[in-house]
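Here's the structure we're looking at; comments come further down.
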Amino acid sequence: MSSSGAGKRVDYGGVAIAAPTTIAYERFSRRPAQWWIGRALREMIECAGLEVRAVDGLSVSSFTLLPDTVVGLTEHFGLTPRWVDQIPMGGASALVALRRAARAVQARDADIIACIGGDTNGPDSFGATVAGFSRFSQDAMYPYGAAGPNANFAMITRAYMQKYGARREDFGAICVAQRENALKTPHAMMKRPLSMEEYLSARLIADPLRLFDCVMPCAGAEGFLVLREETALSLGIPYVRLLSAIERHNAFPEDDIQLRGGWAVDVGDMWSMSGVRPDDIDLFESYDDYPVVCMMQIEDLGFCRKGEAAEFIRSHTLTVNGSFPHNTSGGQLSVGQAGAAGGYLGTVEAIRQLTGQTFGPSVRNARYALVSGFGMINFDRGVCSAAAILGLGRAGG
Amino acid sequence: MVRDRNSRLKGPGPCSGSVTPAPPRPSSHAAFVLAAYAAEGSLVLQHCDECGAVMYPPREICPACLSDGLSWRAENGDGVLIAETTLYSSTSAYFRERLPLRVGAIRLDVGPVIAAHLRMNAHAGDRVRVTAVTDRSGNAAFIASAQRERCDMGEETLIEEFICHPRNRNVLITNVSTPTGLAMVKSMRDHGARQIYAGCADPSIEFAGKNVLTEMQGVSLAALDLRSSSSVATLARQIGHELDILINTSHSLRHGSITCAGSYEAARSDAEIEIFGLMRLFEAFAEPMRVKASGVGLTSGAWVNIFSIYALANAPSCGVSAALQAGAFSLSQSMRAEFAGCGVKLLNVFHDNDGAEDSRWSSAVAAATLDGLCRGLETVVVGVRARDIYKRWREDPSVLERELVEQ
């Protein structure tokens, strides 16, 4: 599989990403998705000092928005945008939304685009989302235990351990470090410190996955604005630049079981477009629905060779002030998975870190962040993968 | 009998307390195709008519060449178990009651990767064979077993539910005064049935094999006259609550075309057994059997109807009797719908006997019925001629109708 067609891609010059926004998560909410997305919209325009009518683009991602689409939201929120988009890509949503919005503002099809992921969570919504997730899963996975992604990622985790020699403790190192990062995140679902012993002895969910390998479904919203640098500068708001971005869907369909993602197809393109190297990256926000996926991303995005992520983790500390700051707000594993907002969490946190707008401790002098997304277990593997390198534009404070 | 507003059996639902919840019902056309073949014990996959690719999960379009010409074909199910897990958690109430649950991913020799329930003997790396059955809600469910023989260990609670082995189950055979009924009693007894109720219209009347029956341990004669609502209801009150398997052996094919003298009176009389008798049985036994199957422990039940293959397409030489069986078969389709999600599987056994029931033929029907119960099937066809007619019926019933005229 080759990473790109003929010719060099146009860079994302002049694109700014600003107003990182998070609506504090709740375990269960009676408010519908429309409320969560609308709250995020208001918060981000207030943060940027904008009038509502200045927003001329809207991109949303949500599993619980039905029967509405982004179209219904324009009327609901009183917007008259000239550009809308809806990205149904779960954990890859923010990066795919960002790529498209970046091109739209570059081409002046829109000036200011609000990108938002938001979902509600009732006592039965997670089960309903899993039950209605895809036709393939309804026909071919649901009759085998209605497991959602747990069954698939249990099989993937075990296969990964067998092939590459990763141990439970290596996955635990990711989860324990993220929990430490989450202790300063006010809306994190998991606020108690997690020890390796607790991680290893937690109750089994789907062998070998135990409780702390899995995210907690919750309600919440995350978002950011995509605009041109000149607009951000005139507003006087902190922003980051988009140095490169990739996405790939249904990569390696011939693999028996998913031990690599689409990043491996496009990783060369991502680094060469960005002009930076893995050593330059100050923080990595990976998609962490299960820790094995973090390991796949560390490898497939070029921090180490395939199969060596466990060794990489053993030789680094993953906390905010560690040698490899990773999922610095605690990630979904500790903060919670607010549906499609889970796909936004890493990107929003990276913008916060680079512009100095974090909830908790920040990575010192951070200039470059790598963000990665992964989503949509359509049948037996995650279909969508995406990644972007962000660079500091104008710091806040 | 307890009925809800839609006059269906009181089905398992979220509000029904002690009643076992069911897995989600199938919802796509492909799911019904998989289920229809699984009901016959076949695992089918789509093949591309243009490029030959084999695919799963079911699709509308070939992922290798974008053709929409996809045909279903039976596969042997051989493959390698590439990954496995044991689930200790599920979003479904039905599966939560059956944890832990072993599931795995199998790379089939013909190409695709499928998910399946795992027998205890199947482990990652093993060569396995995948078979298809229908689950409690009528979905096709795949089960992988190791190809090399190994000692099975532990409980396979969920898989036991897909099938209905007579071991330790209570069985009613509605009419034992025929060779088929007698063979059925022997077969069930030989395979571990706990209690067998041998139905006959009048237990005081002598019939062939009665002496043998009365000497069998665990077999008791039961008065059951399908022509009488009170007779059926009385027996249901006595044994319905403990019944796991009901085998209706009361259908019999008679020669005689619609032009024969007296065919109307004969049909009227036979309908009391073939049609109304089946309805009486269902009215009296369906609800207690549903309740039993919804309980705890070994929960699956089965209702077996034995039909002539001419229930599917009329053979004019026995045209009147075939018409009655066609009506009974149609009733059995609605019975299957009523039982959906209840844990009582409806098995139709089709045979090609159109004359006297000899003991060899009867044993074959009994063996096929046992096999169907043990494999969790919903359709079993016995005999070379019946299988041929069944195949032609699946291909095109309107052509078969015309061909049968000439026979």
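If B:Thr259 meets every condition in (1) at pLDDT below 95; (2) of a type in the set (S, T, N, Q); (3) open to solvent by less than 30 Å² (accessible area, probe 1.4 Å) apart from one, which number is that one?
So the condition that B:Thr259 fails would be (3).
Could you tell me how many of the residues in the range B:326-352 are at pLDDT below 95, open to solvent by less than 30 Å² (accessible area, probe 1.4 Å) and assigned to a helix (DSSP H, G or I)?
The number of residues fulfilling the criteria is 1.
Only one of these conditions is not met by A:Ser3: (1) touching a Gly at 6+ places or on another chain (Cβ under 9 Å); (2) at pLDDT 95 or above; (3) not in a strand (DSSP E or B). Which number is it?
Failing condition for A:Ser3: (2).
Give the residues of the range A:175-214 that are within 16 Å of A:Thr157 (Cα to Cα), more than 14 Å from chain B (Cβ to nearest Cβ) and in contact with a Ser or Thr (Cβ under 9 Å, 6 or more places away or on another chain), sorted by residue number.
The one that is within 16 Å of A:Thr157 (Cα to Cα), more than 14 Å from chain B (Cβ to nearest Cβ) and in contact with a Ser or Thr (Cβ under 9 Å, 6 or more places away or on another chain): A:Cys175.
Got at least one residue in the range A:306-327 being in contact (Cβ under 8 Å) with a residue 12 or more places away in the chain and under 12 Å from the mean Cα position of the chain (by Cα)?
yes
Could you tell me how many of the residues in the range A:121-139 are touching a Phe, Trp or Tyr at 6+ places or on another chain (Cβ under 6 Å) and at the interface with chain B (Cβ under 7 Å from one of its Cβ atoms)?
Total satisfying the criteria: 1.
Looking for whichever is within 30 Å of A:Gly38 (Cα to Cα), at pLDDT 95 or above and away from chain B (no Cβ under 14 Å) here; the options are A:Gly118, A:Gly172. Which one fits?
A:Gly118
Determine which member of the set B:Ser294, B:Ser252, B:Ser308 is in the same structural domain as B:Met188 (by TED's automatic domain parsing) and closer than 23 Å to B:Ser228 by Cα.
B:Ser252
With within 14 Å of another protein chain (Cβ to nearest Cβ), among the basic types (Lys, Arg), open to solvent by 30 Å² or more (accessible area, probe 1.4 Å) and farther than 30 Å from B:Met289 by Cβ as the only criterion, which of B:Arg25, B:Arg59, B:Arg73 stands out?
Just a single option satisfies the conditions, and that option is B:Arg59.
Take B:Ala35 and decide whether it is touching a residue at least 40 places away in the same chain (Cβ under 8 Å), under 21 Å from the mean Cα position of the chain (by Cα) and not assigned by TED's automatic domain parsing to the domain that holds B:Phe350.
Against the criterion (touching a residue at least 40 places away in the same chain (Cβ under 8 Å), under 21 Å from the mean Cα position of the chain (by Cα) and not assigned by TED's automatic domain parsing to the domain that holds B:Phe350), B:Ala35 qualifies.
Just for helices (runs of 4 or more DSSP H) wholly inside the range A:162-243: which have at least 3 residues that are open to solvent by less than 10 Å² (accessible area, probe 1.4 Å)?
Because the criterion is at least 3 residues that are open to solvent by less than 10 Å² (accessible area, probe 1.4 Å), the helices (runs of 4 or more DSSP H) in the range A:162-243 that meet it are A:168-182.
Could you say which residue among B:Ala236, B:Ala223 is within 20 Å of B:Val304 (Cα to Cα), hydrophobic (A, V, I, L, M, F, W, C) and open to solvent by 30 Å² or more (accessible area, probe 1.4 Å)?
So the residue among B:Ala236, B:Ala223 that is within 20 Å of B:Val304 (Cα to Cα), hydrophobic (A, V, I, L, M, F, W, C) and open to solvent by 30 Å² or more (accessible area, probe 1.4 Å) is B:Ala223.
Quick one: how many residues across the range B:162-194 are under 17 Å from the mean Cα position of the chain (by Cα), modelled with pLDDT under 95 and part of a helix (DSSP H, G or I)?
1
Evaluate the following for A:Phe324: is it more than 27 Å from A:Asp255 (Cα to Cα), among the aromatic types (Phe, Trp, Tyr) and modelled with pLDDT of 95 or more?
yes
When the residues of the range A:51-67 are filtered to those that are assigned to a loop (DSSP other than H, G, I, E, B) and either closer than 25 Å to A:Pro149 by Cβ or at pLDDT below 95 (or both), which remaining residue is farthest from the chain's Cα centre (by Cα)?
A:Glu51
Check off (1) open to solvent by 10 Å² or more (accessible area, probe 1.4 Å); (2) under 21 Å from A:Thr231 (Cα atoms); (3) touching a Cys at 6+ places or on another chain (Cβ under 7 Å) for A:Arg100 and give me the number that stays unchecked.
It is condition (3) that A:Arg100 fails.
Residues are listed down the side, and each one gets a yes or a no for (1) without any contact (Cβ under 8 Å) to a residue 60 or more places away in the chain; (2) not in a helix (DSSP H, G or I):
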{"site": "A:Ile116", "(1), (2)": "no, yes"}
{"site": "A:Gly122", "(1), (2)": "no, yes"}
{"site": "A:Phe126", "(1), (2)": "no, no"}
{"site": "A:Phe133", "(1), (2)": "no, yes"}
{"site": "A:Phe136", "(1), (2)": "no, no"}
{"site": "A:Pro143", "(1), (2)": "yes, no"}
{"site": "A:Asn150", "(1), (2)": "no, no"}
{"site": "A:Arg158", "(1), (2)": "yes, no"}
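Quick test of your reading of the structure: B:Ser317 fulfils all but one of (1) open to solvent by 30 Å² or more (accessible area, probe 1.4 Å); (2) more than 24 Å from B:Gly355 (Cα to Cα). Name the failing condition by number.
(2)
Which one of the conditions (1) farther than 13 Å from B:Glu161 by Cα; (2) within 11 Å of chain A (Cβ to nearest Cβ); (3) not aromatic (Phe, Trp, Tyr) does B:Val133 fail to meet, given that it meets all the rest?
(1)
Going through B:Ile159, B:Ile143 one at a time, which residue ends up being open to solvent by less than 60 Å² (accessible area, probe 1.4 Å), part of a strand (DSSP E or B) and β-branched (Val, Ile, Thr)?
It is B:Ile143.
Would you mind finding the one in A:Thr74, A:Thr80 that is part of a loop (DSSP other than H, G, I, E, B), among the polar types (S, T, N, Q) and more than 14 Å from chain B (Cβ to nearest Cβ)?
A:Thr80
Take the conditions surrounded by fewer than 22 Cβ atoms within 10 Å (Cβ to Cβ) and not in a strand (DSSP E or B) and apply them to B:Ser137. Does it pass?
For B:Ser137, the condition - surrounded by fewer than 22 Cβ atoms within 10 Å (Cβ to Cβ) and not in a strand (DSSP E or B) - is met.
In the range B:81-130, what count of residues is obtained for those that are facing chain A (nearest Cβ under 8 Å), of a type in the set (Val, Ile, Thr), without any contact (Cβ under 8 Å) to a residue 40 or more places away in the chain and not in a loop (DSSP other than H, G, I, E, B)?
3
So which residues in the range B:29-55 are more than 23 Å from B:Cys374 (Cα to Cα), open to solvent by less than 20 Å² (accessible area, probe 1.4 Å) and either assigned to a loop (DSSP other than H, G, I, E, B) or not small (Gly, Ala, Ser) (or both)?
Selection gives B:Leu45, B:Gln46, B:His47, B:Cys48, B:Met55.
Answer with yes or no whether A:Ile281 is open to solvent by 10 Å² or more (accessible area, probe 1.4 Å) and among the hydrophobic types (A, V, I, L, M, F, W, C).
yes
Quick check on the range B:112-125. Is at least one of its residues over 30 Å from A:Ala202 (Cα atoms), of a type in the set (S, T, N, Q) and open to solvent by less than 50 Å² (accessible area, probe 1.4 Å)?
No - not one qualifying residue is present in the range B:112-125.
Take B:Thr178 and tell me if it is of a type in the set (Val, Ile, Thr) and within 20 Å of B:Ile306 (Cα to Cα).
So B:Thr178 passes the test.
Return yes or no: is B:Arg254 under 25 Å from B:Gly327 (Cα atoms), in contact with a helix residue (DSSP H, G or I) (Cβ under 6 Å, 6 or more places away or on another chain) and at pLDDT below 90?
yes
Please verify whether the range A:267-283 includes one or more residues that are touching a strand residue (DSSP E or B) at 6+ places or on another chain (Cβ under 6 Å) and either among the polar types (S, T, N, Q) or at pLDDT below 95 (or both).
Yes, the conditions are met somewhere in the range A:267-283.
The values are calculated or read from the model by the stated rules, or taken from the named source; none is laboratory data. What you are looking at is a predicted structure, and each value in this text was computed from that prediction instead of being measured. Positions of Cβ are generated from backbone atoms using ideal geometry, with glycine treated the same way; all protein chains shown enter the neighbour counts. The area values use the complete protein model at the heavy-atom level, side chains included, leaving out ligands, DNA and RNA. Shrake-Rupley method; radii C 1.70, N 1.55, O 1.52, S 1.80 Å.
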